[in-house]
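Colleague: A single structure is presented below for examination.
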Amino acid sequence: MLTLIWLIPILPLAGVAINGLLGRRLPKAAVGLIGCGVILASLLLSVGAVVELAKLPADARHFETSLGTWMPLGELAPGGAGVTIDWGFALDPLSAVMILVVTGVGFLIHVYSVGYMEHEEGFARFFVYINLFMSMMLTLVLGSNLLVTFVGWEGVGLCSYLLIGFFYDRPFDERTGLSCADAGRKAFLVNRIGDFAFVIGMLYLITTFGTLEYRGVAEAIEAGAGGHALLVAVGILLFIGACGKSAQIPLYVWLPDAMAGPTPVSALIHAATMVTAGVYMVTRMSTLYVHAPEAMAVIGLVGAATAIFAATMGITATDIKKVLAYSTVSQLGYMFAAAGVGAWTAAIFHLMTHAFFKALLFLGAGSVIHGQHGEQDITRMGELRVKLPVTFATFVTGALAIAGIFPLAGFFSKDEILWGAFSSGHRVIWLMLALAAGLTAFYMFRLTFLVFYGRYRGDYHAFEHAHESPKSMTVPLMVLAALSVIGGWIGVPAALTRGADVNLFHHWLAPAVASGAHEAAEGAAHGAGTELSLMALALAVALVGIGAAWVIYRRRRGLADSIAAAFRPVYILWRNLYWVDELYEAAVIRPFYAVSRFSAGFDKWVIDGLVNLSAILTDIVGQLLKLFQTGYVRNYALLFLMGVVVVLLFLATV
Amino acid sequence: MIDPRLVLLVSAALFAVGVAGVLTRRGAITILMCVELMLNAGNLAFITFARLFDGPEAQIYVFFVMTLAAAEAAAGLAIVIALFRLRGTTDVDEINLLKW
């Protein structure tokens, strides 16, 4: 089945073709069945391929196949070797994890969408876009070279744009006056900035190494090719690309607005899969980063800063999906911080567990919204655990998992990141991440308490009519809840098992990533005792966060308001999201508009003016010459005669 | 033999009369007749040179011109008749549509 891996990204395209061409005429059931069916086929094929891969010895777990040459580029340097770029696909432990997460979580979200989108316009259109997204995402992770990855990278960006703007005729954000279509454009444009750097990074790579194959580049770097400065530059350029896609400072602004899309989209694209593409790509290039420690330092700091910065904005958000969006930005920061300290496996581990519990949380939020006919404001919710028991139970599971409570998935992955940061000597990053962990626990349980506990604060009738979602939505929730519980058990650290090495995930992924100088596994040298006490500390921080949320939002009503009043400047700062959007508006968008207006004026008055001037001159000459055309044959004859006389005189004189 | 210069002079005079007629007369038929005059002035000059240089070429040209003149008269008169039917006049000053 390994030779068929190219089919994994192609299969969803079949769904795109069928639903795209016939979707309007097919019944909804058929559209849903086709949409989910093609993803199931991809999932089964992925499982088959990965099982086959796992049968190989650890060192041989790398399979590549090519669909043919894409670009024969010839010699890039005079006398250099010919460069070609293939439609190459590769399956190794890293892409294996990714395709399983993408197709697995993707399939559950497709099933959920059948229920969630049932009453919406454009049911078939939704499945066309989301199937196309799956195809592009799988291309991204399976590509054996950067350019095929980039095709997927841009493809998922396109689908993200299409799906954020899915309700293109609806308004979205009252504070900024954004419509859903605007939110889509914003996401697309912010991503262009990152992609610009990504492309420059790729150009550096291909001109230096003559290949974009991940393997070829890694081998060349290990052999010592490419200067140190170049590697750092490329590393940072690629990371800027990752910043755009994975919503890191300073390019995170699009992700909160991406919540304009339907909730399954937020779960699939803007939480579980697409936004993790940056983490995947950075991990893919781990060999390069290990040789460019400065770039890694940048990644670590940006990641840790994003983790804590986004968490603070999550505390004051009142839109259920925006809280989760800031949480996603924060958790992505976690993953980058892990990559920045060299804990590659921890980054991917957290990517996987995050895909489980964040998809779960988003789908739970979708169920809450669906059950109340579109209400998203958590200040107008409450008491919903009575009406939505399944959603409540699964949502709390997800919240516990993301908060990092033992033994749920988030505990293991978050702990591995914290330990990676601590053991590699990045104490500052460790401290920031630990603090962010506390904030995460706090805002997640603030959300839980406000939505599910207390009195219902919205319209009484809305509460009366609130209902649990259909089976097609609750079953995926339950499956994801189960994954959020057990998903972490494949990466149990040795410190918890008295030294027995049962960290399956680490061993699985190890051959695919560069052995960083500070892998978390070398924790044994630092002593399991330290690791255990750090674990206890992280757990305590999470419990403190939950406890604080409980006290503020359950125990002492009104405390939240008085705290907000006491720290009014901070509250205003967070409520207004640090005015980052306004800052960008003033620093980037307005100057850009000014330049654009100037260019438009230049084009209109100078460039067009020259063209118009030549036209005007021609017109004037014509106006003068037409006076000779009187319509009297005699005049013409006379002119003709005069012409003949002139010619004859000329001939006579020569 | 007559002095060819005299004959050429007659030819030039005939041509001048034709040109003056074309430029000054208003009637389309008169103008056509003046064109015939100019053509025949040319013919006269051709014949003169044919005699002068003792060769057949110029005489051949004369036959061409005569054929052409006949064709021109036929086409020209047809146009004039058509014009007259359309506009009720053969005054060329009345027919000045081909202008700005």
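Colleague: Output the relative contact order of chain A, whole-number percent, from Cα pairs under 8 angstrom with separation of 6+ residues.
Modeller: After rounding, I find 12 percent.
Colleague: Taking Cα centroids, how far is segment A:381-417 from segment A:1-72 in Å?
Modeller: 31 Å
Colleague: Put a dot 7 Å past each Cα toward the Cβ at A:Thr530 and A:Asp319; how far apart are the dots in nm?
Modeller: For A:Asp319 paired with A:Thr530, the spin-label model returns 4.4 nm.
Colleague: State the Cα centre-to-centre distance between segment A:168-211 and segment B:41-100 in whole Å.
Modeller: 78 Å
Colleague: Something else now. At 20 °C and a viscosity of 1.002 mPa s, what translational diffusion coefficient does Stokes-Einstein give for the protein assembly as shown, taking Rh as the Kirkwood radius over Cα pairs? Give it in µm²/s as a whole number.
Modeller: 69 µm²/s
Colleague: Which residues in segment A:593-611 have a backbone N closer than 18 Å to a point placed 7 Å from the Cα of A:Phe196 along the Cα-to-Cβ line?
Modeller: A:593-600
Colleague: Now for a different question. Going 7 Å from the Cα of A:Leu21 toward and past its Cβ, which residues in segment A:103-135 have a backbone nitrogen under 18 Å from where you end up?
Modeller: A:124-125, A:127-129, A:131-132
Colleague: Take A:Ser599, project a point 7 Å from its Cα along the Cβ direction, then tell me which residues of segment A:167-190 have their backbone nitrogen under 16 Å from it.
Modeller: It comes to A:189-190, nothing else.
Colleague: Please go through segment A:163-218 and write out the trypsin sites (Lys or Arg not before Pro) that DSSP classes as loop and that have at most 15 other C-beta atoms within 10 Å.
Modeller: A:Arg175
Colleague: Shifting gears a bit: Label-point separation (nm) for A:Glu120 and B:Ile60, each offset 7 Å from Cα along Cα-to-Cβ?
Modeller: 9.0 nm
Colleague: Rounded if a/c is under 1.5, else prolate if a/b is larger than b/c, else oblate: which is segment A:1-156, with a ≥ b ≥ c the root eigenvalues of its Cα gyration tensor?
Modeller: In terms of gyration-tensor shape, oblate.
Colleague: Sticking with this one: With a sphere of radius 15 Å drawn around the Cβ of A:Phe598, what net charge do the other residues whose Cβ falls strictly inside it have (Lys, Arg +1; Asp, Glu -1)?
Modeller: Overall, the nearby charge balance is +1.
Colleague: Report, please, the projected area of segment B:4-87 averaged over directions, based on the convex hull of its C-alpha atoms, in nm².
Modeller: 5.5 nm²
Colleague: Over chain B, calculate the relative contact order: mean separation of alpha carbon pairs under 8 Å at least 6 apart, over the residue count, as a percent.
Modeller: Over chain B, the number comes to 28 percent.
Colleague: Label points 7 Å out from Cα along the Cβ direction at B:Ala74 and A:Trp6: separation in nm?
Modeller: 7.6 nm
Colleague: Cross-link partners among lysines for A:Lys626, C-alpha distance below 19 Å, same-chain residues fewer than 8 apart left out?
Modeller: Within reach: B:Lys99.
Colleague: If r is the Cβ-Cβ distance from A:Arg634 to A:Asp608 and R0 is 30 Å, what FRET efficiency results, to the nearest 0.05?
Modeller: Calculated transfer efficiency: 0.10.
A short reminder: the numbers here are calculations on the coordinates, not readings from a lab. Computed from a prediction, not measured in an experiment: that's the story for all the values here. Methodologically, a virtual Cβ is constructed for each residue, glycine included, from the backbone with ideal geometry; neighbour enumeration extends over all protein chains shown.
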